[in-house]
Each structure stands twice: as C-alpha cells, then as structure tokens.
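The structure under discussion appears below in the form of structure tokens.
The values are calculated or read from the model by the stated rules, or taken from the named source; none is laboratory data. Since the structure is predicted, the reported quantities are computational estimates derived from the model, not experimental observations. Counting neighbours? That spans all protein chains shown, and the Cβs are built from the backbone with ideal geometry, glycine included.
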Amino acid sequence: MGAVDIAGSGAVHLLGGSAALASALMLGPRLGRYDHGQGPLPLGNPVNAVMGLFVLWWGWLAFNSGSTYGLSGAKWHYAAQAAVTTMMSSFGGGTASILFSMAKLGGRIDALDIINGILGSLVAVTAGCYLYQGWEALVIGAVGAVLVCSAMPLIDLIKIDDPVGASAVHGVGGIWGIIAVGIFAQNPLPLNTTSGRSGLVKGGGWYLLGVQSLTAVCIIIWGVSTTIFLLWFINKIIPIRMDVHEELLGADITEHLVRHSRVGVSRALSAFRNVCDMKKAENLNPVGTNPGHEKHLFIVRCHNDQRTNFKTKESQKEEEW
C-alpha cells in the first residue's frame with residue numbers, strides 16, 4: 001500500500017504509546033492517585049528529567065540521520081536534511097510548549113510541559129525526517145508539542161494513570177507523526193522513499209494521507225490488543241501489580257534495597273514494621289548519606305551544645321553578681 005515510516009513514529013513510538021496506554025489500563029491508578037483531583041503530580045527530580053531529555057534529544061539526531069542507511073550517493077544529503085529537520089522540529093516544539101505552559105499557568109513555565117512537548121515534537125518528525133523542508137518540520141514539531149501537552153490532562157481526566165506520560169508523548173505524537181507524512185511529504189529522489197507519491201499540500205492528493213491514517217489505526221489496534229493479552233496472561237502466572245505495602249514503600253527499596261532519605265520512606269517503614277519483614281530495609285543507609293559524616297556532625301552538635309550551655313551558665317552567674 002506504500003505506508004511510509006522512515007525512523008519509527010509508528011513502528012517504535014505509536015506502538016510503544018499504545019502498549020503504554022493498555023498497560024496503564026491493566027494496572028490501574030496508583031493508590032490514592034485521584035483522591036484529590038486529576039492534576040499532575042510534581043516531578044520527583046526535575047533536574048534528572050531534563051538531563052534525560054537532553055540524552056534523548058542528542059540521540060534523536062543519530063537514529064533519524066542514520067535512517068538513510070549510509071552516506072553514499074545522495075544519501076549524505078538526506079542524512080544532513082534529517083538532522084536539520086529533527087532540530088527544527090524540536091525548536092518548534094520547545095517554543096510551542098513554552099507558550100502553552102505560560103498560557104495554562106498564567107505566565108509560569110512547567111518543566112514537565114517543556115520536556116514532553118519537545119519529546120512529542122521529536123516523535124512527530126521521526127516518520128518523515130528527510131521528507132520535509134525546515135519550515136514544515138517547525139510546524140510539525142509545534143503541532144506535535146501542543147497535541148501532546150493537551151493530551152496529558154485529558155488522559156488524567158478519564159483517570160488513566162500514566163506517570164511518565166508515555167501514552168501521550170509516544171502515542172499522540174506518533175499518530176501525528178504518521179499522519180504528517182501524508183500531508184507534507186515530498187518524494188526524495190533518487191531514494192524514492194514514498195514510491196513516487198507526495199503529501200496532500202504538495203499536490204499528491206488524498207491517497208498517501210489515507211494510507212498513513214490506516215497505518216496508524218492498525219498499529220494502535222495491534223499494540224493495545226497484544227499488550228492486554230500478554231499482560232492478562234502474565235498476570236495469571238505472576239501478579240503484574242505490587243502489593244499495597246510494596247507500592248507505598250516504593251520499588252527502589254522493596255525490589256533493589258535502595259533507600260531514599262525522604263520522610264515518607266521512614267514513615268512507611270515504621271507503618272509496615274509489624275506487617276512484613278522490614279529488617280533489611282531498616283538497616284540500609286539512605287542514598288546520599290555517609291554514616292561517618294553523620295557521626296561527625298553529631299559530635300560537632302554535642303560540642304556546640306556544651307559550649308552554648310557553658311556560656312549560658314556563665315552569663316547567669318554574671319547577672320547574679
């Protein structure tokens with residue numbers, strides 16, 4: 001039929017986003033997630049999240065440009081074009097997500113909107129990374145970012161708990177990426193990637209757009225149905241959902257014996273002390289702490305307290321005199 005997906009907006013991202021949505025449905029929301037409304041929860045570590053964005057951002061250049069499968073002949077030109085459109089799309093997505101966030105929050109910028117907006121724009125340009133001009137990539141990225149940022153609260157509105165927004169970023173961004181090929185694509189010669197067809201705005205008619213839309217529908221059906229079946233089957237053998245105490249303590253400590261220093265972890269350990277064996281977890285040093293430092297600080301505090309008490313007594317004696 002001639003479907004086009006150069007670097008994986010559909011085969012990688014839309015399929016993954018569909019699987020993420022099905023997984024969220026099968027697992028259900030986290031305990032108490034929507035007891036106080038559908039608003040997003042704050043990021044656990046915004047700095048790490050932004051660092052992860054940059055790792056993906058730079059990696060995107062490699063796998064989009066590498067989708068020409070070489071540099072011989074005219075391929076080097078399209079590899080370079082893929083790099084340019086990838087960056088242009090992310091610029092459009094970043095700008096659009098900043099404006100979206102400011103409009104939504106009254107001038108304030110939310111890091112989660114920026115991260116997911118840029119990722120959504122990168123997902124969107126992936127299917128036709130060397131089929132677009134620079135300005136087209138800018139538009140595709142901006143539209144992708146707005147769609148992703150708009151989809152995230154809608155998913156929470158129907159109480160589907162997707163903590164990292166995978167179904168919005170990869171699912172919605174992937175749908176737009178596949179459809180964008182049918183609108184903007186220009187057949188690259190001599191690679192002939194689109195089998196001689198062009199997108200709707202390039203005078204190619206509705207055929208390619210129709211094929212791309214059908215492709216998106218097929219990928220969604222396949223991704224959702226197979227994921228639900230596989231998780232249902234696995235759940236019959238091994239429960240896919242944590243026990244209540246494991247969820248409240250967190251996977252870091254129950255699965256990997258990594259204890260964080262947050263107050264909530266200590267409170268949860270105390271609450272479940274009489275319910276299950278917490279000896280291993282209780283004896284762990286929290287991440288980022290040094291027992292030697294803690295001991296030294298305790299000595300310093302004791303010394304300071306003694307000096308303070310001594311000065312207080314001396315001042316009292318002077319007052320008595």
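The set of residues from the stretch 199-224 being of a type in the set (Lys, Arg) and within 20 Å of GLY173 (Cα to Cα) is empty. Of the helices (runs of 4 or more DSSP H) contained entirely in the stretch 1-118, those carrying at least 2 residues that are more than 22 Å from ASP156 (Cα to Cα) and without any contact (Cβ under 8 Å) to a residue 40 or more places away in the chain fall at 46-65, 75-105.
Between GLY106, GLY93, the distinction of being under 27 Å from CYS149 (Cβ atoms), modelled with pLDDT of 95 or more and either of a type outside the set (D, E, K, R) or not assigned by TED's automatic domain parsing to the domain that holds LEU189 (or both) belongs to GLY93 only. Within the stretch 148-163, is even one residue surrounded by 22 or more Cβ atoms within 10 Å (Cβ to Cβ) and of a type in the set (S, T, N, Q)? No, there is no match, as no residue in the stretch 148-163 is surrounded by 22 or more Cβ atoms within 10 Å (Cβ to Cβ) and of a type in the set (S, T, N, Q).
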